[in-house]
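Asker: Mind looking over this structure? Questions follow.
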Amino acid sequence: MLAIWLSPVYILVNVYFIWRILKWLHICHGVFGSRRFRVGFCILYAFLAFTPLTAYLFKDGLVHRILKMLNNYWFGILLYMGMIIFLADGILFILKKSRRKRAQWIKSRNGFRIYGGICMVLITAVSAYGMFHPRIIKNNQYEIPIEKECKSRKALTVVLIADLHVGYSIDELHVKQMVRKINRQNPDLVLFAGDFYDNDFKAIGNPEKVARYVQQIKSRYGVYGCWGNHDVKEDILAGFTFPQEEGLIDDPRMREFMEKDCGIELLEDEVAWIGNDFYLVGRKDPSRSEKLLETRKTAEELLEGLDHNNPIIVMDHQPKEYEELEKAGADLTVGGHTHNGQLFPLNLLMKRIWENPSGYKKIQKMHTVVTSGVGVWGPAMRVGTDSEIVTIIVSFE
């Protein structure tokens, strides 16, 4: 419903951008003022601006895939186009009101050409960087001491991955690069902390190759995972989800693909006793559980009955309920979900929303690690954040 209410605002903003761009182009050269060019430009712009709707209406097939991919890039471009044009227009307004002689040049045709040129260069440069940057997967490493004894090991190498969102923006080549980086860490344990999918199993272009690459992960104790809020089947329009017919939101192919094809053992409010050394606890995602009308155990319910002399690692997609987990006896909690904002300036707001939006933070006796994610959601861009896997070197004392 909110998407429908906001649609007039979206249309008006785009009409304003069309007007500003055409005005600048016409001043740059007379050919851009011709009726033929203006009509062609408006048609092309409208095609891109309406990809959220057309991708939603075309449910399947190659056309749907192309429109979804264009839509994901378009939203990122639109974000920075809006930021840069509105900021530049604000500066332009102030300069025009200024009585200083040095500021009067902006009222000239050359001044407007320079103004528009700077905007276009910035929009193009930031958008191009944002499209390319998510393809580079970094490895961030943290060393964490847990003051408990581990029977057979003094250290444990854990690789944490979250928010892959394999689908329209993340393909099998990205998965291949991710697996290669994981194996370079020689992990003892690999954890997929939710949002393996991008709300649609059919979004995966080549599931056979994705499964084959994930199966190549080498880990002493195996590969475990938990669900995230996007690991359900939902129709999305401009970032807003719409109600599904009863029973369709839980796509059984998602579970089968992860467990049987990829070899990931899912933990849903369950505890695994790993190597007779430590506990691994996987939690249900609260948002997903609410949509599926499932119950989610409390931290106390999950951890009661465990031998707290042994290390306890908790995997939870959303980095929340830290106080409850610490009181229940968790030693290390890992998660994702935040993307660390994914795009500037959203990354600047994350610390106001999440206790630990990304990286490492110790909360009383409990250690927490949150990854900014290995993929992207929504706009197929990253600016001010990185795609990453996280290597956690746990030492036992």
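The values are calculated or read from the model by the stated rules, or taken from the named source; none is laboratory data. Source: prediction; values computed, not measured. Counting neighbours? That spans all protein chains shown, and the Cβs are built from the backbone with ideal geometry, glycine included.
Asker: Looking at the range 208-225, which of its residues are among the aliphatic types (A, V, I, L, M) and more than 20 Å from A272 (Cα to Cα)?
Answerer: Those that are among the aliphatic types (A, V, I, L, M) and more than 20 Å from A272 (Cα to Cα): V210, A211, V214.
Asker: Right, another one. Considering only the range 55-69, how many residues are within 23 Å of the chain's Cα centre (by Cα) and assigned to a helix (DSSP H, G or I)?
Answerer: Counting residues in the range 55-69 that are within 23 Å of the chain's Cα centre (by Cα) and assigned to a helix (DSSP H, G or I) gives 8.
Asker: Are there any pairs with C-beta distances below 6 angstrom linking a residue in the range 378-397 that is touching a residue at least 24 places away in the same chain (Cβ under 8 Å) to a residue that is in a strand (DSSP E or B) and small (G, A, S), with the two at least 6 apart or on different chains, and if so which?
Answerer: Between residues of the range 378-397 that are touching a residue at least 24 places away in the same chain (Cβ under 8 Å) and residues that are in a strand (DSSP E or B) and small (G, A, S), the close pairs are S395/A155.
Asker: Can you tell me which residue in the range 51-74 is modelled with the lowest pLDDT, limited to those that are of a type in the set (F, W, Y) and buried (at least 18 other Cβ atoms within 10 Å of the Cβ)?
Answerer: Residue satisfying both the conditions and the ranking: Y56.
Every residue, every condition in (1) at pLDDT 95 or above; (2) assigned by TED's automatic domain parsing to the domain that holds Y279; (3) not in a loop (DSSP other than H, G, I, E, B), yes or no:
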residue: K362; (1), (2), (3): yes, yes, yes
residue: H367; (1), (2), (3): yes, yes, yes
residue: S372; (1), (2), (3): yes, yes, no
residue: G375; (1), (2), (3): yes, yes, no
residue: G378; (1), (2), (3): no, yes, no
residue: I389; (1), (2), (3): yes, yes, yes
residue: I392; (1), (2), (3): yes, yes, yes
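Asker: Further question: So, in the range 185-214, of the ones that are in a helix (DSSP H, G or I) and aromatic (F, W, Y), which residue ends up nearest to I389 (Cα to Cα)?
Answerer: My answer is Y213.
Asker: Which one is nearest to the chain's Cα centre (by Cα) among residues in the range 315-336 that are over 20 Å from W227 (Cβ atoms) and in a loop (DSSP other than H, G, I, E, B)?
Answerer: Selected residue: D331.
Asker: For residues that are over 21 Å from T371 (Cα atoms), over 20 Å from the mean Cα position of the chain (by Cα) and among the aliphatic types (A, V, I, L, M), tally how many sit in the range 162-221.
Answerer: 1
Asker: Answer yes or no as to whether K351 is outside any loop (DSSP other than H, G, I, E, B), in the same structural domain as A299 (by TED's automatic domain parsing) and more than 27 Å from S127 (Cβ to Cβ).
Answerer: no
Asker: May I ask you to list the residues in the range 360-395 that are of a type in the set (D, E, K, R) and out of contact with any helix residue (DSSP H, G or I) (no Cβ under 8 Å at 6 or more places or on another chain)?
Answerer: Those that are of a type in the set (D, E, K, R) and out of contact with any helix residue (DSSP H, G or I) (no Cβ under 8 Å at 6 or more places or on another chain): K361, K362, E388.
Asker: Determine the pairs where a residue that is free of Cβ contacts under 8 Å to residues at least 24 places away in the same chain, located within the range 357-369, has a partner that is surrounded by fewer than 15 Cβ atoms within 10 Å (Cβ to Cβ) and among the aliphatic types (A, V, I, L, M) with Cβ atoms under 7 Å apart, the partner being 6 or more residues away or on another chain.
Answerer: Nothing qualifies.
Asker: Which ones in the range 276-298 are buried (at least 17 other Cβ atoms within 10 Å of the Cβ) and either touching a residue at least 60 places away in the same chain (Cβ under 8 Å) or among the β-branched types (V, I, T) (or both)?
Answerer: Result: D277, F278, L280, V281, D285, R288.
Asker: Find the residue count for the range 313-347, including only residues that are within 24 Å of S395 (Cα to Cα) and in contact with a Gly (Cβ under 6 Å, 6 or more places away or on another chain).
Answerer: Matching residues across the range 313-347 total 5.
Asker: All but one of (1) modelled with pLDDT of 95 or more; (2) among the small types (G, A, S); (3) part of a loop (DSSP other than H, G, I, E, B); (4) over 18 Å from D231 (Cβ atoms) hold for G263; which doesn't?
Answerer: With (1) modelled with pLDDT of 95 or more; (2) among the small types (G, A, S); (3) part of a loop (DSSP other than H, G, I, E, B); (4) over 18 Å from D231 (Cβ atoms) applied to G263, the lone miss is (4).
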